[in-house]
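Here the structure is laid out as structure tokens; the discussion comes afterwards.
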Amino acid sequence: MQLTINGENYDDLADGLSVANLLVFLNVPKGKIAVEHNLEIVPKSQYEICKLADGDKLEIIHFIGGG
Amino acid sequence: MPIQDNKLIIAGQEFSSRLIIGTGKYKDYAENAAALEASGADMVTVAVRRVNISNPNEPMLVDFIDPKKTVYLPNTAGCFTGEDAVRTLRLAREAGGWDLVKLEVLSDPKHLYPEMEQTLRAAKMLIKDGFKVMVYCSDDPVFAKKLEDLGCVAIMPLGAPIGSGLGIQNPVNIRLIVEQTSVPVIVDAGVGTASDAVVAMELGCDGVLMNTAIAGAKNPVLMAEAMKHAVISGRQSYLAGRMPRKRYADPSSPLAGLI
């Protein structure tokens, strides 16, 4: 399947990935991040349950320096 | 006898310092952490941005400034509509797990002046959603009052444009806002050097928020320490109550007994 993650295309991903699977695949630590799935926030408790589908859009954010 | 000063309390949370510092524009996070230490601040503003997927192991702010010891205040820098701001802070709440936030909705990138209509809209939406909103705003007492009436937990008027370092451009308005406001008033943006922070505090502000004044100094860590003293000094000066201004000289040594 294909996903758009942080504005970039990712092709040929395994079907049926959960958010938790995807974070492991991308090597992104689960610590202080948040995930938005098709404009809906995914609570941390739902990472295992939330399944991704072809064409989904994700945003993965964290805190950086700012004023 | 020194006057027992109250602590800065924002939305029920007590802070030991009246200085809040930003975490942008530093050479690296290590310098940022050293400046924080020197400043004595216990709250920092942070931005919410995309994780760099291609390099998830790049240095992270949380590895240098521990969010358990220092309050992270997520901002909405870069947002130009109320909807952008709400979306950003909902994500920040999920990432961090706290609801104290800094709302800033900007207008023209040239002056970064707050877009006050959008700011009011966004504040309303965020407060309804359970956020505790510290709000960056113009130094207009009318808008400041509207934001307080909506339930914002701190009013944060600019002293001068963001990153300009021009100092407090409109002390009359800042003073009017201080007098009319019952939640903390924090000058946010415009401070360039330690004396500017003193001026803000002498006007009766409850605190000062700054980023570039420290990060953009030749020696940021030393400037951070100077700002710590400036905020304390300005606060004490405000509490002490300055002498009246006079139009003519008044000798300090008595004239009686002159030989």
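Throughout, read-outs are computed from the coordinates displayed, never taken from laboratory work. None of these values were measured; they are calculated from a predicted model. Positions of Cβ are backbone-derived with ideal geometry, glycine not excepted, and every protein chain shown enters the neighbour counts.
With springs only between Cα atoms under 10 Å apart, run a GNM on chain B and tell me which of B:MET210, B:MET223, B:MET243 wobbles the most.
Its mean-square fluctuation being the largest, the pick is B:MET243.
Label region A:3-62 by shape, choosing from rounded, prolate and oblate, from the square roots a ≥ b ≥ c of the eigenvalues of the Cα gyration tensor; if a/c is under 1.5 it is rounded, and otherwise prolate applies when a/b is larger than b/c, oblate when it is not.
Details: a/c = 1.36, a/b = 1.28, b/c = 1.07.
The shape class here is rounded.
Based on alpha-carbon centroids, what's the gap between region B:1-76 and region B:208-245 in Å, whole number please?
17
Starting with the highest mean, order B:95-101, A:38-44 by the number of other Cβ atoms within 10 Å, averaged over the residues of each peptide.
The packing order, highest mean first, is B:95-101, A:38-44.
Nothing charged except the Cβ atoms of Lys and Arg (+1) and of Asp and Glu (-1): what's the magnitude of the dipole of region A:3-62 about its Cα centre? Round to the nearest 20 debye.
Taking the Cα centre of region A:3-62 as origin, the dipole is about 380 debye.
Of all beta bridges DSSP finds with both residues in chain B, what is the antiparallel percent, to the nearest 5?
If I count the DSSP bridges inside chain B, around 15 percent turn out antiparallel.
Using only the Cα atoms of region B:137-259, build the gyration tensor, take square roots of its eigenvalues as a ≥ b ≥ c, and label the shape rounded, prolate or oblate: rounded if a/c is under 1.5, else prolate if a/b is larger than b/c, else oblate. Write down the numbers at each step before the final one.
Numbers: a/c = 2.57, a/b = 1.48, b/c = 1.74.
Judged from the Cα gyration tensor, region B:137-259 comes out oblate (a/c at least 1.5, b/c at or above a/b).
About its Cα centre, how strong a charge dipole does the protein assembly as shown have in debye, to the nearest 20, once Lys and Arg get +1 and Asp and Glu get -1 at the Cβ? Write down the numbers at each step before the final one.
On the way: 32 positive and 39 negative charges, 239 e Å.
Dipole about the Cα centre, nearest 20: 1140 debye.
Can you find, among B:GLY167, A:TYR10, B:ALA47, the residue sitting farthest towards the positive end of the charge dipole of the protein assembly as shown, where Lys and Arg contribute +1 and Asp and Glu -1 at Cβ?
Result: B:GLY167, furthest along the dipole toward the positive end.
Is any residue of region A:40-54 close enough, with backbone N under 20 Å, to a label point placed 7 angstrom from the Cα of A:ASN9 along the Cα-Cβ axis, and if so, which?
A:53-54
Just need the relative contact order of region A:3-62 here, percent rounded to a whole number, with Cα pairs under 8 Å and 6+ apart.
49
If a/c stays under 1.5 just call it rounded; otherwise compare a/b with b/c (prolate if a/b is bigger, oblate if not). Do that for region B:3-116, with a ≥ b ≥ c from the square roots of the Cα gyration tensor eigenvalues.
Working: a/c = 1.59, a/b = 1.15, b/c = 1.38.
Cα axes put region B:3-116 in the oblate bin.
I'd like the trypsin sites (Lys or Arg not before Pro) in region B:104-174 restricted to DSSP loop residues with at most 11 other Cβ atoms within 10 Å, sorted by number. Spell out each step's value before the answer.
Working: sites: B:LYS110, B:ARG121, B:LYS124, B:LYS128, B:LYS132, B:LYS145, B:LYS146; in loops: B:LYS110.
Sparse-neighbourhood loop trypsin sites (Lys or Arg not before Pro): B:LYS110.
Nearest 5 is fine: what % of DSSP beta bridges in the protein assembly as shown come out antiparallel, could you say?
Antiparallel: roughly 50 percent of the beta bridges in the protein assembly as shown.
Please tell me the relative contact order of chain B in percent, rounded to the nearest whole number, where contacts are Cα pairs under 8 Å and at least six residues apart.
In percent, rounded to a whole number, it is 19.
Please give the Cα centre distance for chain A versus region B:111-154, rounded to the nearest Å.
31
Across peptide B:52-62, how many C-beta atoms of other chains are within 10 Å of each residue C-beta, on average?
Partner Cβ neighbours, averaged per residue: 5.
Compute the angle between helix B:171-180 and the longest alpha-carbon principal axis of chain B, please, reported from 0 to 90 degrees and rounded to the nearest 10.
Roughly 80 degrees between the two axes.
May I ask for the net charge around A:MET1, where only other residues with Cβ less than 13 Å from the Cβ of A:MET1 are counted and Lys, Arg are +1 while Asp, Glu are -1?
Residues close to A:MET1 contribute a combined charge of -3.
Treating the beta-carbon of each Lys and Arg as +1 and of each Asp and Glu as -1, no other charges, what is the dipole magnitude of chain B about its Cα centre, to the nearest 20 debye? Spell out each step's value before the answer.
Numbers: 27 positive and 29 negative charges, 59 e Å.
Once rounded to the nearest 20, the dipole reads 280 debye.
Taking K and R as +1 and D and E as -1, what net charge do the other residues with C-beta under 9 Å from the C-beta of B:ALA38 add up to?
-1
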